[in-house]
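No lab work stands behind these numbers, since they all come straight from the coordinates. What you see is a predicted model, and the numbers here were worked out from it, not measured in a lab. Cβ placement follows ideal geometry from the backbone for every residue including glycine, while neighbour counts extend to all protein chains displayed.
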Amino acid sequence: MLTGIGGGMVRDVLVGEIPTVLRTELYAVAALAGAAVVVVGRMLHLSTPVAATANAILCSGLRFIAVHQGWQLPTAHSPE
């Protein structure tokens, strides 16, 4: 999760954009869900390749569906 989000943030900062993770896109939530799958998989004594594959499928699938369906996270509005 840290490398996925951190790498994306560094990329966005270097090109002068607001990091994707700070906008409304479902980015960090997908990475967090994938990381949770790995942790739960390890707790259930699944092999590393199985947990990593489940992670990749969930994280990539969730992100793909969010982009395709236009899902976005709520944003806070500044008080007027």
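Computed quantities for the displayed model
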item	result
Amide H within-cut-off set for Glu25, under 5 Å, with H built and near neighbours excluded	Leu73
Under Karplus coefficients 6.51, -1.76 and 1.60, residue-wise ³J(HN,Hα) of region 8-18 in Hz, glycine/proline x	x, 5, 4, 4, 5, 5, 5, 8, x, 10, 5
Separation in nanometres of the label points that stand 7 Å from Cα toward Cβ, at Asp12 and Val39	2.2
Dipole of the chain, positive end: most advanced residue of Leu26, Pro74, Gly16 [Cβ charges, Cα centre]	Leu26
Contact order relative to length of the chain, as percent, for alpha carbon pairs under 8 angstrom and 6 or more apart	30
